[in-house]
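Encoded as structure tokens, the structure appears first; notes follow it.
Any read-out appearing in this document is the output of simple, stated calculations on the displayed coordinates, not a laboratory observation. Keep in mind that this is a model prediction, so the values were computed, not measured. Don't worry about glycine lacking a Cβ; one is built from the backbone with ideal geometry, like all the others, and counts go over all protein chains shown.
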Amino acid sequence: MIKAGLIGFGRMGITHFSILNTHPQVKIMAVCDQSSTMLRVLGKYVDVKTYTDYPKMLDDSDLDCVLISTPGDSHAEIVKTCLKQGLHVFVEKPFTLASVDGHAIMAELTGKSLVNQVGYVNRFNEVFMEVKQLIDAGAIGDVVNFSSEMYGATVLKDSKSSWRGKREKGGGCMIDFASHCIDLVVYLFDKPDKVVGSIMQSIYSSEVEDLVSASFIYAGGYSGNIYTNWSDETYRKPTNILKVLGTKGKIIADKHAYKIYLKESDPKRGLDQGWNTRYITDFGKTTRFYLRGNEFTNQLDYFIDCIEQKKYDNISSFSEALKTDIIMDEIVQDAARSLASDGATPGGSIIPKKSREKASMWKRIMK
Amino acid sequence: MFDRIIFGDNQFFGINHMSEDKAQAQAERFKDLKAITDVIDIAYDCGIRAFMLNTHDRVKDICDHFRGNPERYADLVLYPSMPYAHKYANAVAEKGIFGALNEYILAGSSASEIVGMVVKGGMSLFEQDMLKVMQLLVDMEMKIFHGLNVKVVFLQNIVTDLLLGLKAKDAFIGFSSYLKEKYKVEAGFNTMNMPMLVDFLLECGIENPIVCSSINKAGYFMNPNKETYEKALNEKKFRAMAMSILASGAIKPKDAVEYICNQKTIQSIVFGASSRQHIMETKELIERYTH
């Protein structure tokens with residue numbers, strides 16, 4: 001039996017609790033959250049020990065692993081503490097808020113045989129997994145260009161009061177949305193050699209960006225773009241769209257289906273010349289317990305399997321997630337350089353929403 | 001006894017488990033209320049009387065339409081499902097779980113009701129009794145169906161399955177007994193994990209529970225697998241309702257219906273369709289294979 005502790009009991013923490021609580025090989029020993037109200041509710045209806053202080057929870061409970069679902073600004077400290085105590089760690093994305101923290105965690109991890117995983121759940125989505133296999137096997141030839149997009153209606157007004165509206169707490173479209181987009185790029189194509197043309201723009205938020213776009217260049221002679229917007233109300237729920245152009249065809253994928261276009265038929269894979277559509281229902285498997293999507297269960301079951309089998313080369317390891325953190329740092333720097341060279345907002349990286357008002361005022365005056 | 005055929009509503013709200021493109025196209029087609037009520041009328045005129053409705057924002061308009069035409073819909077039977085979780089998801093993301101609950105409860109209540117709540121639960125409502133919070137939420141959602149003939153109220157699958165994972169027995173017992181006592185209707189549960197849920201509900205002491213889940217020949221959305229579903233259908237005492245019988249179009253209608261009707265313990269079949277031809281075909285198939 002693997003003994004688990006949960007730190008952070010918000011929306012993701014509850015989801016992880018529910019999925020892990022049905023795992024036949026896991027016993028959840030304790031839960032820690034800063035909200036004592038939440039803990040009292042949990043303690044009243046569910047059989048588990050609760051804490052408001054995570055070091056105390058770690059001291060009191062004889063744990064094998066922890067799942068961390070706290071806001072991003074606390075990840076670095078908690079992860080390091082857990083690693084020091086010899087615990088296997090699953091931490092929600094983002095890995096950390098700055099790559100310097102990620103490097104420090106990697107130093108702490110060195111020499112330790114501990115399973116380390118970041119909650120980049122798209123890596124466990126059956127469509128994206130199949131797309132990776134197709135690309136790696138050369139089904140669409142050599143990659144020429146890709147785009148990784150993510151849309152959602154998460155922020156439709158300035159949410160100053162929430163952590164989501166504060167950069168230092170891990171808010172902003174970059175960390176919440178673009179991290180998923182970028183991780184998908186790292187998963188499929190690895191880290192780009194250069195980041196250019198970065199834009200971070202505010203639509204509603206006063207302190208963080210609501211839109212991020214950037215172009216990636218690879219030494220291998222191909223390129224790609226990311227575009228993310230969490231203030232797009234035309235999407236009912238967060239949606240990833242991936243497009244990959246190759247020398248022999250093209251793939252367009254979301255979480256539920258993919259379309260593949262081939263210049264020539266591929267009988268070995270049962271693919272015709274032209275467009276072929278595959279739905280997740282055609283190849284997706286069922287899962288032992290379903291909550292919000294197979295991938296949420298699959299990623300935690302994989303984490304537990306890795307612990308049981310002492311497998312340390314994780315699909316969604318800290319070192320993979322650190323690549324995404326580094327790219328995010330590069331986008332911030334690149335966006336700041338672009339703005340500074342215009343003299344628009346020296347030092348800042350976000351095109352503020354105010355500037356649009358100024359621009360329209362200028363247009364009126366010019367008329 | 002439940003209605004053998006229940007008309008579902010996912011197609012109206014841009015919900016398609018298989019394809020985001022299809023979902024988008026459906027959302028566009030059913031932008032206007034009239035496009036929705038036209039399809040409901042086709043189903044009604046085919047002889048379908050039972051309708052499953054999620055408590056989506058649009059459902060209020062649909063219910064207003066039903067109330068406005070009492071003669072047209074004299075035999076209407078509703079099987080609502082609550083809550084429509086996406087309505088809450090963004091608020092929870094922004095304000096946290098308790099902030100969102102507070103906002104919804106206060107926004108959906110009159111001044112006198114808020115005073116009543118303070119008396120009933122005190123200001124620290126959440127700490128004292130989460131079940132009271134659930135009752136307040138049920139009351140809010142039930143207002144949408146006021147004056148209409150409600151047969152069973154379902155707990156929506158994301159909430160059901162989350163509570164199942166938490167093993168929160170009191171929540172299931174509380175939901176069932178509150179609906180029975182206050183509204184004189186039975187509670188049902190939508191789930192993606194039917195066998196596990198049935199076992200748990202029986203463990204909770206909820207006798208002969210009503211459970212609605214995807215059941216189809218292809219085994220899609222049947223977790224952990226089709227065999228465990230068939231075993232539960234044959235061996236456990238519960239009232240089974242089947243949805244996603246066509247597995248979003250992966251199975252031919254005839255094969256789909258034949259499979260469902262061979263599972264003799266399934267009482268009701270929920271299906272959604274958007275055209276007269278599909279509605280007629282599916283209904284006739286179900287009737288043919290039922291007898």
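What the Cα atoms of segment A:142-246 give is an Rg and a Dmax of 14.2, 47 Å. In units of the compact-protein estimate 2.2 N^0.38 Å, segment B:240-286 shows a Cα radius of gyration of 1.06. Between B:Lys254 and A:Ser35, the simple spin-label model (points 7 angstrom out along Cα→Cβ) gives 5.4 nm.
Just tell me how shielded B:216-222 is by partners: mean number of partner chain Cβ atoms within 10 Å of each residue's Cβ, no decimals. Numbers along the way, then the final one.
Working: counts 1, 0, 2, 3, 6, 5, 2.
Taking all residues of B:216-222 together, the mean is 3.
A dipole drawn for segment A:142-246 from +1 and -1 charges on Cβ atoms has a positive end, and of A:Val195, A:Met174, A:Val208 the residue lying farthest that way is A:Val208. Between A:Gln333 and A:Gln133, what FRET efficiency comes out of the Förster formula 1/(1 + (r/R0)^6) with R0 = 41 Å and r the beta carbon distance, rounded to 0.05? Once rounded, the FRET efficiency stands at 0.75. Taking a ≥ b ≥ c as the square roots of the eigenvalues of the Cα gyration tensor, an a/c ratio of 1.5 or more together with a/b no larger than b/c marks chain A as oblate. Note on A:Lys194: lysines with a C-alpha under 24 Å away, same-chain residues under 8 apart excluded, are A:Lys93, A:Lys132, A:Lys243, A:Lys250, A:Lys323.
Per residue of A:280-286, other chain Cβ atoms within 10 Å of the residue Cβ number 6 on average. Please identify the helices of chain A, taking whole runs of DSSP H, that span at least 24 Å along their own axis as judged from the Cα atoms and have a mean Kyte-Doolittle score of -1.0 or higher. Flagged H segments are A:318-342.
Report the net charge of residues surrounding A:Ala76, where surrounding means a beta-carbon distance below 12 angstrom and charges are Lys +1, Arg +1, Asp -1, Glu -1. Don't skip to the answer; put the middle values down first.
Numbers: positive: A:Lys80; negative: A:Asp73, A:Glu77, A:Asp101, A:Glu108, A:Asp325.
Charge balance in the 12 Å sphere: -4.
Per the Debye calculation on segment A:2-114 with a single equal scatterer at every Cα and no solvent contribution, log₁₀ I(q)/I(0) for q = 0.18, 0.22, 0.24 Å⁻¹ amounts to -0.87, -1.27, -1.45. For the protein assembly as shown, the dipole from Cβ point charges (+1 on Lys and Arg, -1 on Asp and Glu) about the Cα centre works out to 800 debye, to the nearest 20.
Counting only DSSP beta bridges with both residues in the protein assembly as shown, what percent are antiparallel, rounded to the nearest 5?
On the way: 39 of 97 bridges.
Of all bridge pairs located within the protein assembly as shown, approximately 40 percent are antiparallel.
Estimated from helices alone, the mean residue ellipticity of the protein assembly as shown at 222 nm is -13000 deg cm²/dmol (sum of -39500 (n - 2.57) over DSSP H runs with n ≥ 4, per residue).
Could you tell me which of rounded, prolate or oblate describes the protein assembly as shown, using a ≥ b ≥ c as the square roots of the eigenvalues of the alpha-carbon gyration tensor, with rounded for a/c under 1.5 and, failing that, prolate when a/b is larger than b/c and oblate otherwise? Rounded.
Using the Cβ-Cβ distance between B:Gln277 and A:Gln309 with R0 = 45 Å, the FRET efficiency computed as 1/(1 + (r/R0)^6) comes to roughly 0.30.
Over chain A, what is the relative contact order in whole percent, taking alpha-carbon pairs under 8 Å and six or more residues apart?
Working: 747 pairs, mean separation 65.9, N = 367.
The normalised contact order for chain A reaches 18 percent.
Would you mind ranking A:Arg123, B:Arg29, B:Arg239 by Cβ crowding within 10 Å, fewest neighbours first? Mind showing how you got there, number by number?
On the way: A:Arg123 24, B:Arg29 15, B:Arg239 18.
Ordered from fewest to most neighbouring Cβ atoms within 10 Å, A:Arg123, B:Arg29, B:Arg239 come out as B:Arg29, B:Arg239, A:Arg123.
Other protein chain C-beta atoms within 10 Å of residue C-beta, averaged over A:36-42: 4. Within 10 Å of each candidate Cβ there may be at most 14 other Cβ atoms; applying that plus a DSSP loop requirement, which chymotrypsin sites (Phe, Trp or Tyr not before Pro) in segment A:87-164 survive? Answer by residue number: there is no such site. When only the Cβ of Lys, Arg, Asp and Glu is charged (+1, +1, -1, -1), the dipole of chain A relative to its Cα centre reaches about 1000 debye. With the Cα gyration tensor of segment A:6-66 giving a ≥ b ≥ c as the square roots of its eigenvalues, does the rule (a/c under 1.5 for rounded; else a/b larger than b/c for prolate; else oblate) give rounded, prolate or oblate? Since a/c reaches 1.5 but b/c is at least a/b, the shape of segment A:6-66 is classed as oblate. Sites listed here are GluC sites (Glu not before Pro) in segment B:206-291 whose DSSP assignment is loop and whose Cβ has at most 11 other Cβ atoms within 10 Å: B:Glu207.
Each of B:Ser81, A:Ser213 was scored by other Cβ atoms within 10 Å of its Cβ. Arranged with the fewest first, they read A:Ser213, B:Ser81. Taking 12 Å as the straight-line reach from the Cα of A:Lys169, the aspartates and glutamates in range (excluding those fewer than 8 positions away in the same chain) are A:Asp73, A:Glu207.
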